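Just so it is clear, none of the values below were taken in a lab; they were calculated from the coordinates. Fair warning: this is a prediction, and the values are worked out from it, not measured in the lab. Neighbour counts are summed over all protein chains in view; Cβ atoms, including those assigned to glycine, are modelled from backbone coordinates with ideal geometry.
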Amino acid sequence: MDNLLQVSDLKKYYPVRSGLLGRVTKWVRAVDRVSFTIRPGETLGLVGESGCGKTTVGRSILQLIKPTGGSVNFEGFELVGMSERELLKRRTRMQIIFQDPYSSLNPRRVVLDLVGEGIAEHGIVKDLAAKKERVVALLERVGLSSQILYRYPHEFSGGQRQRIAIARAISLHPALLVCDEPVSALDVSIQAQIINLLIELRNELQMAYLFIAHDLGVVKHISHRIAVMYLGQIVELSPATELFEKPMHPYTAALLSAIPIPDPENRRQRIILTGEVDNTIDFSNGCCFAARCPMVMDQCRHQEPPVRFINPEHFVKCFRAGDANV
């Protein structure tokens, strides 16, 4: 099966300036040589601690943030370096759902305009009546009433606002939807409803998702494969079931150990990570996780671990991948 999206060696570095002249003294490697693929209709979960670069990856793919380097190939088109005019043609095929639905919806516009802006801008509808009909159908598809067309975002709950954002995102029938922590700002009961809605829409519309989150429990429920990020790098990528059953990277094992399990007899031993995080360090001569790894060796501090393939669908960046203690 051909890949819908192929990200290769993606980088995004931010300069750190100091002194009177504002000279660049070091770089923050927000995204550092990230590579992965997404197939049509597939959901790739992207997980990691806050600040590891997940959101930067998603926005760099959409070219909302211009990458420092690397390649983003979407439906056979290279997006990095593409002109704004050409990018506009691709925008209908890739959309994003933001974390906070309140800040991502214009508070001065009613629902009809919020959801219908894209279809009007791209000429999909020709008049107000057609726009209204299309918006009503979208609202009903995400579980909202047609009676809310002329209401403003502040009149809705967080879950309702996120449903409006989802309706807006699917209005152009995209092939790829970047979901940037779409449920983290919602109550747990509402989270389940939104996740189930996203699964239904994915299956019905045959969309692919890049699902960004820090909650592994949520990611497991929706993802086919999961990529684990640490300080701008993907340290492990695997099918979801395999990752949960047999994590190969110490950081993945630590994340999994933090997931609450209601059964006392099946609880994992909690792995507590120590040490400081400094995402401005150049890790080209060592492992990015060495400072906090409970299994660190001297080799890890001086040599970057290679990418090791456990099988064609599962790779890990760790010298000790597969050790009994992981």
Mind jotting down the distance between the C-alpha centroids of segment 111-135 and segment 189-239, whole Å? 29 Å
If you restrict to DSSP beta bridges whose two residues both lie in the chain, what percentage is antiparallel, to the nearest 5? 60 percent
May I ask what percent, to the nearest 5, of DSSP beta bridges between residues of segment 124-250 are antiparallel? 55 percent
For segment 1-131, with +1 on Lys and Arg beta carbons and -1 on Asp and Glu, the positive-most of Leu10, Leu88, Ile38 along the dipole: Leu10
Sort out for me the Cα centre separation of segment 151-174 from segment 27-53, rounded to whole Å. 25 Å
Relative to the longest principal axis of the chain, what angle (0 to 90°, nearest 10) does the C-alpha long axis of helix 128-141 take? 50 degrees
Please state the shape class of segment 88-212: rounded when a/c is under 1.5, otherwise prolate if a/b exceeds b/c and oblate if not, all from the C-alpha gyration tensor. oblate
Between Glu140 and Phe309, what FRET efficiency follows from the Cβ-Cβ distance if R0 is 41 Å, with the result rounded to 0.05? 0.35
Which residue fluctuates the most in the chain, going by a Gaussian network model with Cα springs under 10 Å, if the choices are Asn196, Asn311, Asn73? Asn311
Given Cβ point charges of +1 (Lys, Arg) and -1 (Asp, Glu) and nothing else, what value in debye, to the nearest 20, does the dipole of segment 63-180 about its Cα centre take? 180 debye
Can you tell me the dipole magnitude for the chain around its Cα centre, using point charges on the Cβ only (Lys, Arg +1; Asp, Glu -1), in Debye to the nearest 20? 720 debye
Could you give each residue of segment 92-105 its phi-based ³J(HN,Hα) in whole Hz, using Karplus coefficients 6.51, -1.76, 1.60 with θ = phi - 60°, and x for Gly or Pro? 5, 9, 9, 9, 9, 10, 8, 5, 9, x, 6, 6, 8, 10
Sum of -39500 (n - 2.57) over DSSP H runs of 4+, divided by residues of the chain (222 nm, nearest 500): -9000 deg cm²/dmol
What residue among His221, Ala129, Leu186 has its Cα farthest toward the positive end of the dipole of the chain, where the charges are +1 on Lys, Arg and -1 on Asp, Glu, each on the Cβ? Ala129
Rounded to whole Hz and in sequence order, give me ³J(HN,Hα) for segment 184-200 from the Karplus expression 6.51 cos²θ - 1.76 cosθ + 1.60, θ = phi - 60°, writing x for Gly and Pro. 5, 8, 10, 4, 4, 5, 6, 3, 4, 5, 5, 4, 5, 5, 4, 5, 4
Which one, Glu245, Glu117, Glu49, has the greatest fluctuation when you compute a Gaussian network model over the chain with C-alpha springs under 10 angstrom? Glu245
Run the numbers on segment 21-115 and let me know its relative contact order in percent, using alpha-carbon pairs under 8 Å that are six or more apart. 14 percent
Along the dipole axis of the chain (charges at Cβ: +1 for Lys and Arg, -1 for Asp and Glu; origin at the Cα centre), the most positive-end residue among Leu139, Ile195, His249 is Leu139
Evaluate the charge dipole of segment 50-118 about its Cα centre and quote only its size in Debye, nearest 20, assuming +1 on the Cβ of each Lys and Arg and -1 on the Cβ of each Asp and Glu. 60 debye
Looking only at Gly123, Gly81, Gly41, which one moves most when the chain is put into a Gaussian network model with springs between Cα atoms under 10 Å? Gly123
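Under the rule a/c < 1.5 gives rounded, and otherwise a/b versus b/c splits prolate from oblate, where does segment 146-187 land using the Cα gyration tensor?
Values: a/c = 3.33, a/b = 1.23, b/c = 2.72.
Oblate.
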Could you work out the relative contact order of the chain? I mean the mean sequence separation of Cα pairs under 8 Å and 6+ apart, divided by the number of residues, in percent. 20 percent
Give a residue-ordered list of calculated ³J(HN,Hα) values for segment 294-303 (Karplus: 6.51 cos²θ - 1.76 cosθ + 1.60, θ = phi - 60°; whole Hz; x for Gly, Pro). x, 10, 4, 10, 4, 4, 5, 7, 10, 9
